[in-house]
Amino acid sequence: MPAVSQPKAPGSLTAREYLESEPSAELRSEYIYGRIVAMAGASRNHNRLVANLMTSLGLAFRAKACNHYGNDMRVGVSGDKAFLYPDVVITCGEEQLLPTTPETLLNPIVIIEVLSPSTEARDRGEKFLCYQSIPSLREYVLVSQWPHRFETYRKQDGGTWEYRSSAEDPAELYFAALDLAIPATEIYARAADESV
């Protein structure tokens, strides 16, 4: 007896359909277990923090065999279960890319999300749950716009995640996976003192 195919839920796509349609889509979206999630536009302040992180990391990586990408680099999760766009993603060593779509990175070491009111719940919840299944990932960092604070989840040897939160107005953001510290003044340079 032939298998009966189930109708797709409204708005759902297969991973292949998503990857084929994403390059020509008017608006960028993320794919999570068959569900498409439109990307929210980022505020000026959010973009400034991402730019500051990118600049500081670029300077630091002149002496390291690491690369960093902004939010145009898609990250593949659990084979083809999810495709997400982190604010900043870091790799060290040889990069693994999805053969059919080389804009999709498979082995990040660090992922950074800058928190915004419209994205914070997803960054802390659904997206972090997805990111945890990436074998190469060692640190997941949340950067708060206001108050100035860093929250870091570090993967331990047993696979559990250790949570650390800085005090308000920390001196630096330390990446244990990279043995790298970035002064907080660089990250928050010219950023507004409010979460927008």
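The values are calculated or read from the model by the stated rules, or taken from the named source; none is laboratory data. Predicted model, so just to flag it, every value in this text is computed and none were measured. With ideal geometry, Cβ positions are generated from the backbone for all residues, glycine too; neighbour counts draw on all protein chains shown.
Observations on the structure shown:
- Hits in the stretch 148-182 (condition: outside any strand (DSSP E or B) and surrounded by 13 or more Cβ atoms within 10 Å (Cβ to Cβ)): HIS148, SER166, PRO170, ALA176, ALA177, LEU178
- For the stretch 147-154, the count of residues that are closer than 21 Å to ASN107 by Cβ and touching a Phe, Trp or Tyr at 6+ places or on another chain (Cβ under 6 Å) is nonzero.
- The stretch 49-60: number of residues that are farther than 24 Å from SER29 by Cβ and surrounded by 18 or more Cβ atoms within 10 Å (Cβ to Cβ): 3
- Output for the stretch 66-83, where each listed residue is of a type in the set (D, E, K, R) and modelled with pLDDT of 95 or more: ARG74
- When TYR140, TYR131, TYR163, TYR174 are checked against the criterion of being free of Cβ contacts under 8 Å to residues at least 40 places away in the same chain and under 15 Å from the mean Cα position of the chain (by Cα), TYR140 stands alone in meeting it.
- For the stretch 48-78, a residue qualifies if it is outside any strand (DSSP E or B) and either touching a helix residue (DSSP H, G or I) at 6+ places or on another chain (Cβ under 8 Å) or under 12 Å from ALA189 (Cα atoms) (or both), and the qualifying residues are ARG48, LEU49, VAL50, ALA51, ASN52, LEU53, THR55, SER56, GLY70, ASN71, SER78.
- Every pair of residues 6+ apart whose Cβ atoms lie under 8 Å, when the first sits in the stretch 65-81 and is without any contact (Cβ under 8 Å) to a residue 60 or more places away in the chain while the second is of a type in the set (Phe, Trp, Tyr) and surrounded by fewer than 20 Cβ atoms within 10 Å (Cβ to Cβ): ASN67/PHE61; HIS68/PHE61; ASN71/TYR85; ASP72/TYR85; MET73/TYR85; ARG74/TYR85; VAL75/TYR85
- Taken across the stretch 118-128, residues that are crowded, with 20+ Cβ neighbours inside 10 Å, under 17 Å from MET39 (Cβ atoms), in contact with a His (Cβ under 6 Å, 6 or more places away or on another chain) and not hydroxyl-bearing (Ser, Thr, Tyr) do not occur at all.
- Filter result for the condition that a residue is within 17 Å of LEU53 (Cβ to Cβ), of a type in the set (S, T, N, Q) and modelled with pLDDT under 95, over THR119, THR100: THR119
- When we screen GLU26, GLU30, GLU20 for residues that are acidic (Asp, Glu), farther than 30 Å from ASP179 by Cα, modelled with pLDDT of 90 or more and loosely packed, with under 15 Cβ neighbours inside 10 Å, the only hit is GLU20.
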